[in-house]
Amino acid sequence: MCGIVSYIGDQDPVPILIKGLRRLEYRGYDSAGIALLDGSILSSVKKAGKVSELSDQISSNTIKGSCGIAHTRWATHGIPNDVNAHPHLDKTGKIALVHNGIIENYDAIKKTLESRGVIFKSETDSEVLVQLISELYYNGDGKLDFKDSVKAALQEVVGAYGIVAMCSDEPNTLVAARMGSPLVFGVGDNEFLFASDASPIIEFTRNVIYLDDGEFVIVKGSEYSISNINSKEIVTKTLTKIDLTIEEIEKGEFPHFMLKEIHDQKHSISDTLRGRLNLDDGTSMLGGINDHIPSILSASRIYITACGTSWHAGLIGKHLIEEYARVPVHVEYASEFRYRNAIIDANTILIAISQSGETADTLAAIKKSKEAGALTLGICNVVGSTISRETDAGIFTHAGPEIGVASTKAFTAQVTVLIMLALKIGRKKGVSLYRGKDLIKSLKNIDLNVTDILKGINKIKEVAKSTFKANNYLYLGRGVNFPVALEGALKLKEISYIHAEGYPAAEMKHGPIALIDKDMPVVFIAPQDDTFTKILSNIEEVKARGGIIITITDKENDALSSLSDFVLVTPKTHKYVFPINSSIILQILAYELAVCRGCDIDQPRNLAKSVTVE
Ligand code: F6R
């Protein structure tokens, strides 16, 4: 989704902003732009397409300045083109603004401004905001300075925003504000940055302030102050040190971030487990939720809410928590949950799962549940993210930064946390020491499993080479492996643009079986557990109709070999750890299919890494 980076300090802002935009590319975007303030001269360049195209234009069209704002836009209002790209300038050309989020009442404000003679250049909601600021500043009664005009404009808009703005009447000054759209403020030595996430900041400073909703910052030269959008009252914030290395946000020797992150699973799952397993007691130690264990144990229901891949992790979590903790779990898409009349009360626990910790719908579901009295727990990957701060307590996945748009290592880390959570509650509720130890022993072998799976990449490449021309793919699994099927299908759709569906294997007969012919690859997730004989019959049914059968199992046998065109074997493990193994195979399969099809794997079309608007 849109990305903001801004710089004010002693260095030339142009290379810093361009590099910052490159760091934000992973969020997904369709155009980019930059504006600079050089004394009282404001200039800007904006371009549809990639940051590299913007950068080429800038080198041939030199612009300079002492501070600047830059943006990658992911279109919401108005098509991706040069005019709709940010920064947006007001009618005088003296104020420039970058905006993430959505101004919901933009139409009414636009009509009022148009009636006063303002002519809009773009179709965006963001331009409405800069024109409103300009109207209040230049055409008000003269009482408002630039900073107060921005505040006054923000008080009129409804919606979500993270903004940074500057005005040529106020050289060497940036103002920024946040309401519902993330903004990190980097505080360096005589230099300051604003960015949508920490990745463009860490080369300059590790000291950041995570802005909260309603906060407003003004930086003038080497001084800054933070206040509330609605008042002059100064807000005191503490600096947070970011613990992120440059290597973690670069792809190193790998051709794509996604492949790097698939390989990272050799350590990201055990990083998530580190210090949290107690084999002797057959349980897990989750410090972040310790104080809330009594409420969790007495809860009458648990909702898990999330979007996309994180929602799939939630479905796996339902199987685990119901199996071990024997409490009803409802897994809800956050976008639906936030608007439906769900039964939420003080005996309800809401678990929100989010890699980014910034997904707008998930955040709204948390707010709604809190208001209704539920205890809210977050499972997040990004430390300092809004969801990790808004929930009452939580458990971090320690997967490290995930840059590839298609979630991989964050998903397996989420499943890992859910296993530990189910175990923790389960052991408190009477699950035997033996069962606890059994699960922990399998978790402790996870690094070896991943290494083994990665050694089998060539076999997965063969499957990709023989099936990449297919127009459709079907993924089938049963029980805890049905969500794995959904996740496999989502991965494929996202990065290869092959249409794919995930289905419970036995449901196939109720419809999707009509699709099966000799051109349809069907992936079966078929571990040798209590569902095996049933899924074998489903494989027979596909075989009888000529489908191409790709089986993922933990133990090959004659029946599977004779029925399947390809068998991909993962190391034998616990029934509830197997989804981690099989998901990694499916990630590699999606990746290799996308490579065969020549797709832009790290920046798939139309997708954003973190969906910060509704
Ligand atoms: C798919 C993917 C998305 C995200 C979804 C939720 O590969 O990455 O479906 O899972 O947008 O994002 P988070 O987990 O950041 O809330």
Of all residues being more than 16 Å from the ligand (Cβ to nearest atom) and among the polar types (S, T, N, Q) in region 343-368, which is surrounded by the most Cβ atoms within 10 Å (Cβ to Cβ)? Just the residue, please. 348
Please enumerate the residues belonging to region 479-506 that are free of Cβ contacts under 8 Å to residues at least 24 places away in the same chain and open to solvent by less than 10 Å² (accessible area, probe 1.4 Å). 489
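Residue by residue, here is whether (1) surrounded by fewer than 18 Cβ atoms within 10 Å (Cβ to Cβ); (2) touching a His at 6+ places or on another chain (Cβ under 6 Å); (3) closer than 26 Å to residue 258 by Cα holds:
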| site | (1), (2), (3) |
| --- | --- |
| 1 | no, no, yes |
| 20 | no, no, yes |
| 27 | no, no, yes |
| 35 | no, no, no |
| 68 | no, no, no |
| 83 | yes, no, no |
| 93 | yes, no, no |
Can you run down the residue pairs with Cβ atoms below 6 Å, 6 or more apart or on separate chains, where the first is in region 393-419 and closer than 20 Å to residue 350 by Cα and the partner is among the aliphatic types (A, V, I, L, M) and near the ligand (Cβ under 10 Å from one of its atoms)? 395/379; 411/313; 414/313; 414/353; 414/379; 415/313; 417/379
I need a count of the residues in region 181-201 that are touching a helix residue (DSSP H, G or I) at 6+ places or on another chain (Cβ under 7 Å) and either within 19 Å of residue 89 (Cα to Cα) or in a strand (DSSP E or B) (or both). 1
Hey, does region 455-463 have a residue that's more than 27 Å from residue 522 (Cα to Cα) and either open to solvent by 20 Å² or more (accessible area, probe 1.4 Å) or touching a residue at least 60 places away in the same chain (Cβ under 8 Å) (or both)? no
Answer yes if at least one residue in region 502-519 is within 16 Å of the ligand (Cβ to nearest atom), within 21 Å of residue 591 (Cβ to Cβ) and within 27 Å of the chain's Cα centre (by Cα), and no otherwise. yes
If we ask which residues in region 369-383 are in contact with an Asp or Glu (Cβ under 9 Å, 6 or more places away or on another chain) and either away from the ligand (no atom under 13 Å from the Cβ) or of a type in the set (Phe, Trp, Tyr) (or both), their number turns out to be 8
May I ask you to list the residues in region 414-437 that are part of a helix (DSSP H, G or I) and either open to solvent by 20 Å² or more (accessible area, probe 1.4 Å) or acidic (Asp, Glu) (or both)? 424, 427, 428, 433, 434, 435, 437
Can you tell me which residues in region 38-69 are among the polar types (S, T, N, Q) and touching a residue at least 24 places away in the same chain (Cβ under 8 Å)? 40, 44, 55, 66
Residues of region 555-614 being away from the ligand (no atom under 15 Å from the Cβ), of a type in the set (S, T, N, Q) and either buried (at least 17 other Cβ atoms within 10 Å of the Cβ) or touching a residue at least 24 places away in the same chain (Cβ under 8 Å) (or both), which ones? 557, 564, 570, 573, 581, 582
In region 300-313, the residues that are free of Cβ contacts under 8 Å to residues at least 60 places away in the same chain and either within 13 Å of the ligand (Cβ to nearest atom) or open to solvent by less than 10 Å² (accessible area, probe 1.4 Å) (or both): 302, 304, 306, 311
Considering residues that are touching a His at 6+ places or on another chain (Cβ under 9 Å), part of a strand (DSSP E or B) and surrounded by 24 or more Cβ atoms within 10 Å (Cβ to Cβ), the number found within region 371-413 is 1
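Give the residue that is surrounded by the most Cβ atoms within 10 Å (Cβ to Cβ), with candidates limited to residues of region 142-160 that are assigned to a helix (DSSP H, G or I) and without any contact (Cβ under 8 Å) to a residue 24 or more places away in the chain. Walk me through how you get there before you give the answer.
Taking region 142-160 first, the residues assigned to a helix (DSSP H, G or I) are 146-156.
Okay, now just the ones that are also without any contact (Cβ under 8 Å) to a residue 24 or more places away in the chain, so 148-149, 152.
Numbers: 148: 14, 149: 23, 152: 18.
It comes out as 149.
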For residues that are open to solvent by 20 Å² or more (accessible area, probe 1.4 Å) and not aliphatic (A, V, I, L, M), scanning just region 533-554, find the one that is farthest from residue 474 (Cα to Cα). 533
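The values are calculated or read from the model by the stated rules, or taken from the named source; none is laboratory data. Predicted, not measured: the structure shown is a model, and the values here were computed from it. All Cβ positions, even for glycine, are placed from backbone atoms using ideal geometry, and neighbour counts span all protein chains on display. The area values use the complete protein model at the heavy-atom level, side chains included, leaving out ligands, DNA and RNA. Shrake-Rupley method; radii C 1.70, N 1.55, O 1.52, S 1.80 Å.
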